[in-house]
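Working notes, beginning with the structure itself.
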Amino acid sequence: MEKDDSKAVKRLKPVVRESDSSPMREMMKMMEEHKDLLSLSAGEANFDPPEQLINLAIDAMRKDKNRYTSTNGIPEIREAVARFVYDQWGVKVDPGQNILMTVGGMEAIFLAARIVLEKGDRVLLPDPGWGVMRTVVERLGAVIDYYPLREGEQWIIDHDAILSRMNENTKLVVVNTPSNPTGATLSREGFGALLERAEKLGTFILSDEVYHNYVYEGQHVSGLSFDSLDNLIFVNSFSKAFAVTGWRLGYAIAHPWIIRQMGIFKESISLCSFSIGQWAMSEFLPVCKGYLQEAREFCRKNMEMLVEGLQAIPGVRCTPPLGGLYVFPDFSEIEPSSQELFKRLLNAGVAVAPGAFFGSQGEGRARLMFACPPERIEKGLERIRAALDR
Ligand SMILES: Cc1ncc(COP(=O)(O)O)c(C=O)c1O
């Protein structure tokens with residue numbers, strides 16, 4: 001988009017005025033112009049939500065649960081969330097004080113950043129990492145330092161890379177485990193060391209665990225399982241785990257004082273979160289284990305098929321992810337520019353997310369989502385092979 005020189009634009013905050021138009025929007029526009037596209041670009045699961053959950057939502061609507069709720073969320077959902085985190089990670093949180101229901105994990109992230117960060121504060125973000133985090137932090141005027149994720153036989157969140165960059169000026173460290181786009185996870189030892197250092201330095205750790213259900217080796221290690229909320233702001237969401245991204249329902253778990261401040265801010269943004277989703281999820285969460293397991297196994301099979309297919313293409317390097325919904329292969333031997341790679345695959349009928357969206361380690365890469373019908377992956381692989389045939 002052309003930069004507008006009107007008086008109104010000149011009066012905007014400089015950080016907003018100077019930012020480029022969103023590359024994500026440009027990508028969407030290009031994709032709209034192509035017919036018969038196979039989408040492996042979505043940042044969400046493309047399979048069905050639980051049937052029972054949908055029925056519970058319909059019931060809730062018919063029972064006239066269509067009203068505002070309290071800002072923190074109805075007591076029933078907060079109690080269900082508290083039970084869920086206890087079942088998953090053995091930690092007791094107080095539904096009355098530690099939980100805030102939010103408009104997706106995204107609102108939780110925004111609110112946390114908004115109450116913690118001031119202009120000039122230093123924040124550590126992962127590279128590669130989810131681009132939205134960068135936008136939020138930048139627009140609040142904070143200063144970003146990146147810590148690299150490490151790709152060996154698997155992508156991991158290297159806690160030493162974080163620790164070596166933390167000092168008394170570090171206000172916030174963002175951890176995303178499993179990670180978007182690499183599937184990297186943080187080990188128990190790593191998480192422990194990080195929380196210990198955070199406590200010494202007075203740093204906040206924002207632990208974004210929205211992909212917690214998709215861990216393919218071992219168990220998910222949650223920041224919550226260390227049983228201290230002094231420095232931790234835990235963010236979770238129903239979006240990815242239950243394939244309901246459009247419901248916009250997530251939650252934060254943190255120290256009562258943080259939750260209170262986030263809630264006060266939320267009152268003036270969204271007032272409350274999706275009422276129907278809260279009612280439906282409060283009944284579904286206690287019985288969700290079977291669905292979560294099925295979704296995870298479905299994704300594991302797809303992931304293996306996609307990794308194997310990509311590894312078989314000469315010049316493509318694909319590290320199997322430990323978790324998440326995506327692979328982040330390296331195509332640089334064939335096409336070093338991730339934007340050109342995106343166009344080449346788009347012209348062959350496959351939509352992917354360009355690697356450069358995810359940071360400096362993303363050039364020559366693309367993010368491909370595998371939480372979709374396996375036929376789409378098979379067909380997508382055929383088209384990728386054809387597009388990269390040299
Ligand atoms: C790493 C990460 N965190 C948070 C979110 C937010 O998800 P939602 O707001 O739908 O819960 C996303 C969505 O793509 C994500 O990839």
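Where a number appears in this text, it was derived from the coordinates with a stated rule and is not lab data. The structure presented is a predicted model; accordingly, all values stated were derived computationally and were not measured. All Cβ positions, glycine included, derive from the backbone under ideal geometry; neighbour counts span all protein chains shown.
One table, with the values for the structure above:
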item: Calculated Rg and Dmax of the chain using C-alpha coordinates, Å; result: 20.9, 60
item: Placed amide H near Leu206: partners under 5 Å, 5+ positions off or other chain; result: Val173, Val174, Val175, Ile233
item: Residue-wise HN-Hα coupling along segment 274-291, computed from phi with Karplus coefficients 6.51, -1.76, 1.60 (Hz; x: Gly, Pro); result: 3, 4, 4, x, 4, 5, 5, 5, 5, 8, 7, 3, x, 10, 8, 4, x, 4
item: Alpha-carbon Rg/Rh ratio, for segment 135-294, with Rh computed the Kirkwood way; result: 0.97
item: Amide H contacts under 5 Å for Ala366, placed H, 5+ residues apart; result: Phe331, Gly355
item: In order through segment 224-241: 3J(HN,Hα) via Karplus (6.51 cos²θ - 1.76 cosθ + 1.60), integer Hz, x for Gly, Pro; result: 5, 5, 8, 6, 9, 9, 4, 10, 9, 10, 8, 10, 9, 7, 8, 3, 8, 5
item: Peptides ranked, highest mean first, by Cβ atoms within 10 Å: ranges 27-40, 249-262; result: 249-262, 27-40
item: Protection proxy ranking, peptides 73-85, 302-314, average beta carbon neighbours within 10 Å, highest first; result: 73-85, 302-314
item: Charge tally in the Cβ shell below 14 Å around Gln88, where Lys, Arg are +1 and Asp, Glu are -1, Gln88 excluded; result: +1
item: Residues of type aspartates and glutamates that Lys301 reaches as a straight line, Cα spacing below 15 Å, ignoring anything fewer than 8 places off in the same chain; result: Glu217, Glu375, Glu378
item: Amide H partners (placed H, <5 Å) of Ser237, local residues excluded; result: Tyr251
item: Listed residue pairs exceeding 30 Å between alpha carbons, taken from Lys35/Lys240; Lys35/Lys289; Lys7/Lys343; Lys29/Lys65; Lys65/Lys119; Lys13/Lys343; result: Lys35/Lys289; Lys7/Lys343; Lys29/Lys65; Lys65/Lys119; Lys13/Lys343
item: Computed Kirkwood radius, in angstrom, where 1/r is averaged over Cα pairs of segment 107-147; result: 10.1 Å
item: Set of lysines near Lys200 by C-alpha distance (under 19 Å), chain-local residues within fewer than 8 positions excluded; result: Lys171
item: Simple Cβ-charge dipole of the chain, Lys/Arg +1 and Asp/Glu -1, about Cα centre, in debye nearest 20; result: 1020 debye
item: ³J(HN,Hα) computed for each position of segment 34-39 - Karplus, 6.51 cos²θ - 1.76 cosθ + 1.60, integer Hz, glycine/proline x; result: 9, 9, 6, 8, 9, 9
item: Cβ-based net charge around Tyr214, under 9 Å, with every Lys or Arg adding one and every Asp or Glu removing one; result: +3
item: Span from the segment 341-387 Cα centroid across to the segment 263-300 one, whole angstrom; result: 29 Å
